[in-house]
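Novice: Have a look at the structure that comes next, please.
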Amino acid sequence: AAAQSRYVANNPLSKKQHELAVESLPGGNTRTLLHTSPFPLCMKHGKGTFVWDEDGHKYTDFVGELSAGLYGHSHPVIRTAILSTFDEIGLSLGSTTTYEARYASLLCQRFKLERVRMTNTGTEANLHALAAARHYTGKKKVVVFNGGYHGACFSFGGGKAAPNTADKGDFVVVQNYGDDEAAAEARRVIEETAREGDLAAVLVEGMQGAGGCLPGSKEFLLAAQEAAKNTGAVFILDEVMTSRLAPNGLGQELGLSPDLVTLGKYLGGGFSFGAFGGRKEIMDSVYDPRVKGSLAHSGTFNNNTMTMCAGFAGLNQVFTEEVCVELNRVGDDLRGRLNRLAKGTRLRFTGRGSLIGLHFRENGTFESQEKADLRNLFWFEMLEEGFWITRRGFIAMILDTPKDELDRFVDAVGRFLERHTGIM
Ligand code: PLP
């Protein structure tokens, strides 16, 4: 309560902005995730790896737009790509373009896809991957995993399909994720569903991102893949969040060979983006308009020049395979330091590479009523220390975050643990 009172006192302009916003936006925002009580912090601008709020406080940006903000704010290469596109190419040409084919080729090469199609969001990418799997197999059901998040209408927390999940009844949710127990359950559920005769796809993340940065083991993912392939279901790996974790995506790193992969986030160079692709046998038979009976794939902005050029410049010039390896090494190092610091307390840092999740444990498990209060306390106090992280405790590192800021964060977490030893 004390931390919250200080937050209210320190942020009068964010409060005022919220009062204005609720008059036109339900709850004052257009992304539920950003809802904060009594009001969310309102950011004014960002530069490099920092952001500033309406009241003028400066923060190191650890939200990294939930992994879409990999390049930080106004990265010079992205800036040049955007300005030259605007000045010399134009925004939307209403035709196919070389920029679209050029980026598709780079995405295929980098993520080992035979074919790819662009969309506007990761949600849409999953929507189309599922449509492709259904069209290809002539079947309907999809096996997913508890805690999985595949976009605005594909959320499977609490062991069920969320109320806004598309075709809720078509999803079969495996209750466990990530470990040996989950592997056995995944096999059983996939085989049972296939036996009923209507299984189209298995959709899984290599690491659950929104679910708390919980990596799936290689054995678990291989088991899910094998069961899917043995039953003739399409194995879809959702790499919207995880493609940044290894030079060719997390799936390649783990030795998986998914039929389809979905992509998004930073690959739009900071603009809205999604993509899905994989085996040409599936992609061509479903989406090639020269094939009789193929599916239509529409989307006004699918190949907009800004995204095609900013995304290409970012992946080609900035987030090279070497830079990817180094960023994730820095992330692993940071997570290791944080976990050593938090040893013997309730605080744990999960994730992989440059994506970090923080959890307060209760009786040895990650879930508890109290964890929300502790997360709030952590959030308010990290703001005071000058760190912008998500309320749910998710950190997506931005390229080139100064080492001093990482050290400062470790110190700030240390101070948090010391201040609250009684409840840790
Ligand atoms: N899939 C995963 C694994 C995600 O983390 C997200 C977004 O967080 C999505 C899909 C949806 O992407 P978008 O928000 O661009 O629709």
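The values are calculated or read from the model by the stated rules, or taken from the named source; none is laboratory data. The structure presented is a predicted model; accordingly, all values stated were derived computationally and were not measured. Cβ coordinates were reconstructed from backbone atoms using ideal geometry, including for glycine residues, and neighbour counts include every protein chain displayed.
Novice: Under the condition of being modelled with pLDDT under 95 and surrounded by 14 or more Cβ atoms within 10 Å (Cβ to Cβ), which residue from the range 28-65 is nearest to Phe394 (Cα to Cα)?
Specialist: Leu34
Novice: Another question about this same structure. Looking at (1) more than 30 Å from Ala412 (Cα to Cα); (2) more than 15 Å from the ligand (Cβ to nearest atom), which is the one condition that is false for Gly48?
Specialist: Single failed check for Gly48: (1).
Novice: Next question. Got at least one residue in the range 63-81 being over 24 Å from Thr320 (Cα atoms), part of a helix (DSSP H, G or I) and either away from the ligand (no atom under 12 Å from the Cβ) or in contact with an Asp or Glu (Cβ under 6 Å, 6 or more places away or on another chain) (or both)?
Specialist: no
Novice: Please name all residue pairs, on different chains or six or more residues apart, with Cβ atoms under 6 Å, provided the first residue is in the range 253-278 and is touching a residue at least 12 places away in the same chain (Cβ under 8 Å) and closer than 18 Å to Tyr149 by Cβ and the second residue is within 12 Å of the ligand (Cβ to nearest atom) and among the acidic types (Asp, Glu).
Specialist: So the pair list comes out as Val261/Glu239; Thr262/Asp238; Leu263/Glu239; Gly274/Glu124.
Novice: Which condition from (1) outside any strand (DSSP E or B); (2) touching a helix residue (DSSP H, G or I) at 6+ places or on another chain (Cβ under 6 Å); (3) closer than 23 Å to Arg375 by Cα is the one that Ser14 breaks?
Specialist: (2)
Novice: Of everything in the range 149-170 that's assigned to a loop (DSSP other than H, G, I, E, B) and in contact with a helix residue (DSSP H, G or I) (Cβ under 8 Å, 6 or more places away or on another chain), which residue is farthest from Ala233 (Cα to Cα)?
Specialist: Among those that are assigned to a loop (DSSP other than H, G, I, E, B) and in contact with a helix residue (DSSP H, G or I) (Cβ under 8 Å, 6 or more places away or on another chain), it is Ala152.
Novice: Continuing with the same structure: Are any residues in the range 121-147 more than 8 Å from the ligand (Cβ to nearest atom) and either in a loop (DSSP other than H, G, I, E, B) or on the phi > 0 side of the Ramachandran plot (or both), and if so, which ones? Lay out the reasoning, then the answer.
Specialist: Our first condition is that a residue be more than 8 Å from the ligand (Cβ to nearest atom); within the range 121-147, this holds for 127-147.
Within the range 121-147, Gly138, Lys139, Lys140, Asn146, Gly147 meet the criteria.
Residue by residue, here is whether (1) crowded, with 19+ Cβ neighbours inside 10 Å; (2) touching a residue at least 12 places away in the same chain (Cβ under 8 Å) holds:
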site	(1), (2)
Thr307	yes, yes
Gly314	yes, yes
Leu327	yes, yes
Asp332	no, yes
Gly336	no, no
Asn339	no, no
Gly357	yes, yes
Trp379	yes, yes
Glu384	no, yes
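Novice: From the list Arg244, Arg187, pick out the single residue that is within 14 Å of the ligand (Cβ to nearest atom), of a type outside the set (Phe, Trp, Tyr) and out of contact with any strand residue (DSSP E or B) (no Cβ under 7 Å at 6 or more places or on another chain). Spell out how you get there, then give the answer.
Specialist: Details: Arg187 fails: within 14 Å of the ligand (Cβ to nearest atom).
Only one candidate qualifies: Arg244.
Novice: Taking strands (runs of 3 or more DSSP E) that do not extend beyond the range 245-355, which have at least 1 residues that are assigned by TED's automatic domain parsing to the domain that holds His150? Explain how you work it out, then say what you get.
Specialist: Details: elements: 260-264, 274-278, 347-352.
Strands (runs of 3 or more DSSP E) meeting the threshold: 260-264, 274-278.
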